[in-house]
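The values are calculated or read from the model by the stated rules, or taken from the named source; none is laboratory data. These numbers come from a predicted model, not from an experiment. Positions of Cβ are backbone-derived with ideal geometry, glycine not excepted, and every protein chain shown enters the neighbour counts. Side chains included, ligands, DNA and RNA excluded: accessible areas come from the protein's heavy atoms. Shrake-Rupley method; radii C 1.70, N 1.55, O 1.52, S 1.80 Å.
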Amino acid sequence: MVLDSAADTPLLLEAAEVPPVFEENAAGRSPFLLTCDHYGRLIPRALGDLGLPASELTRHIAWDIGIAGVAERLSNHLDAHLIAQRYSRLVIDCNRPPCVASSIPVVSEATTVPGNEGLTPTAVEMRRKSIFDPYHCRLAEVIDRRLRDGIATVLVSLHSFTPVYAGVARPWHVGTLYHRDSRLPPLLLKLFRGEGDLVVGDNEPYAVSDQTDYTIPIHGEARGLMNSGIEIRQDLIADQAGERQWAERLARILAEVEATLIKPRASHL
Ligand SMILES: [Zn+2]
């Protein structure tokens, strides 16, 4: 059967499969709205293993190692709403505009992904409709509600990065990632540097751009929200102790951000 419109595109996930959107503390009272685009590494049953061995599907090209544990703990420390995406970014990258080649990568780092080669437009649309759209529609819906209800909202997009990429070691422990927001990232940088024991990346190891990112440009900048990405180096959060330490550190730092940027303004209302 030839399908000629997105409305007719069948869904990729079977009814019994885990939905893409994971949420924690949906009724949380914190101004921070936490997102986690690369939270999980599930693959829809219909796609098998994408033609990759398990050793590739557990490393950083498939997901952001360690960030799920940090994000959940941070959500609980702050009483903040976390919206995360459970399927591997090798299936569809939820932090890429769907029109760019790296949205469904044929090559990630130096690994060719056989299951992503030669996809038909319908196969591409199925991935978008089944995984990308539900996640971003949920984020948009939550932001709509918060803005309508006058709830202070700061978007923090949580990621982790591999200590060595394409043979090059990265010195940073943590980085802030941003583009147009001039309020939150400088304060975050100051607070991270003030910790005294961190090598801090300023838009390192990545900078946000409209071509290489989706969550911050679309849900942060276009909605007028204060926003920043936070990237943590994966070897620091490779076990539960590391996840716990970083969640506690981020909770302390974000509490200071809230006290500095949000509460003084609210007190003048
Ligand atoms: Zn990521």
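Table for the structure above
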{"read-out": "Dipole of segment 1-97, positive direction: furthest Cα of Pro97, Gly40, Gly51, with charges on the beta-carbon", "value": "Gly40"}
{"read-out": "For segment 113-184, convex hull of alpha carbons as volume per residue, Å³", "value": "167 Å³"}
{"read-out": "Rounded to the nearest 10 Å², the accessible area of Asp144 at probe 1.4 Å", "value": "70 Å²"}
{"read-out": "Extended-chain gain in nm, criterion 0.36 nm per residue less alpha-carbon gap, Ala169 and Ala241", "value": "23.6 nm"}
{"read-out": "Estimated FRET transfer efficiency when R0 is 25 angstrom, pair Thr120-Arg45 (beta carbons, to 0.05)", "value": "0.85"}
{"read-out": "Simple spin-label estimate for Glu256 and Glu141 in nanometres, 7 Å along Cα-Cβ", "value": "3.7 nm"}
{"read-out": "The chain: proportion of alpha-carbon pairs further apart than 25 angstrom, %", "value": "44 percent"}
{"read-out": "Relative contact order of the chain, pairs being alpha-carbon contacts under 8 Å that are 6 or more residues apart, as %", "value": "24 percent"}
{"read-out": "Relative contact order of segment 91-245, pairs being alpha-carbon contacts under 8 Å that are 6 or more residues apart, as %", "value": "28 percent"}
{"read-out": "Stokes-Einstein D for segment 198-237, Kirkwood Rh over Cα pairs, 10 °C, 1.306 mPa s (µm²/s)", "value": "138 µm²/s"}
{"read-out": "Among Arg148, Arg223, Arg183, residue whose mean-square fluctuation peaks in a GNM of the chain (springs only between Cα atoms under 10 Å)", "value": "Arg148"}
{"read-out": "Length-normalised contact order for segment 16-95 - Cα pairs under 8 Å, 6+ apart - percent", "value": "55 percent"}
{"read-out": "Under the Debye formula (equal points on every Cα, no solvent term), log10 I(q)/I(0) of segment 5-59 at q = 0.12, 0.14 Å⁻¹", "value": "-0.48, -0.62"}
{"read-out": "Total charge dipole magnitude, segment 188-269, about the Cα centre, Cβ charges on Lys, Arg, Asp, Glu only, Debye to nearest 20", "value": "440 debye"}
{"read-out": "For the chain, built as a Gaussian network whose Cα springs stay under 10 Å, the top-fluctuating residue of Arg73, Arg170, Arg86", "value": "Arg170"}
{"read-out": "Where labels lie 7 Å past Cα in the beta-carbon direction, separation of Thr212 and Val107 in nm", "value": "1.7 nm"}
